[in-house]
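The values are calculated or read from the model by the stated rules, or taken from the named source; none is laboratory data. Here the structure is a predicted model, which is why all the values come from computation and not from measurement. Note: ideal-geometry Cβ built from the backbone for every residue, glycine included; neighbour counts use all protein chains shown.
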Amino acid sequence: MRPRKPVSARAQALAEARRWIGTPYRHQGSCLGAGCDCLGLLRGIWRTLYGDEPEAVPPYERDVVGTPLAGALMQAARRHFCEIDREAARPGHVLLFAAEPGGPARHCAVLSQHGRIIHAYWRRSVCETALTPWWRRRLVGAFAFPDLPARPEIDPEEVFAWPSSS
């Protein structure tokens, strides 16, 4: 048995995001297997990695543009994650998107590999999809999960490998 290397927060976040694939969409939900939205997916990953969520999430509508919550997602991400250059995003990092290019952030995802994201969106379960030009034009922020102690049961070489199609 080979010795395990320390595992990064992004490796653990990516492993957890993959566990959520197939969870049905549920607005404001955050329960693995039962239902979540894009923010609920991040909240669930956070709970697995760190325990309690860092702050309570106020009720929100699907469309927050033009409301006092319009900048809330970006502000919360800046409070609890480490902002990185969008071009430096790697698998396991969080991406924030606007509904319209240049608008406020209102959707989030986890980068799963080059050109692919894991996210939940209306009428879809948590899934892995292509990071298409449509999404790229709306990318408004990238963030890393904060550092945390390594979990020896997760092998980073397995986490970052492309899942087999079996």
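Here are a few things to note about the model shown:
- Residue list for segment 31-60, restricted to those being over 17 Å from Gln75 (Cα atoms), assigned to a loop (DSSP other than H, G, I, E, B) and touching a Ser or Thr at 6+ places or on another chain (Cβ under 9 Å): Leu32, Gly33, Ala34, Asp37
- Scan of segment 69-106 for residues that are farther than 23 Å from Leu148 by Cβ and crowded, with 21+ Cβ neighbours inside 10 Å, ordered by number: Phe97, Ala105, Arg106
- Within segment 120-145, the set of residues being of a type in the set (A, V, I, L, M) and part of a strand (DSSP E or B) comprises Ala130, Leu139, Val140, Ala142, Ala144.
- Only one entry in Ala56, Ala98, Ala72 is farther than 17 Å from Arg136 by Cα, in contact with a Pro (Cβ under 9 Å, 6 or more places away or on another chain) and among the small types (Gly, Ala, Ser), namely Ala72.
- Breaking point among (1) at pLDDT 95 or above; (2) under 27 Å from His114 (Cβ atoms); (3) among the aliphatic types (A, V, I, L, M); (4) out of contact with any strand residue (DSSP E or B) (no Cβ under 7 Å at 6 or more places or on another chain), for Val7: (1)
- Residue in segment 89-97 that is of a type in the set (D, E, K, R), over 19 Å from Ala11 (Cα atoms) and either assigned to a loop (DSSP other than H, G, I, E, B) or in contact (Cβ under 8 Å) with a residue 40 or more places away in the chain (or both) present: no
- Near pairs, Cβ below 9 angstrom, 6+ apart or cross-chain, from segment 12-25 (in contact (Cβ under 8 Å) with a residue 60 or more places away in the chain) to any residue that is aromatic (Phe, Trp, Tyr) and in a helix (DSSP H, G or I): Ala13/Trp46
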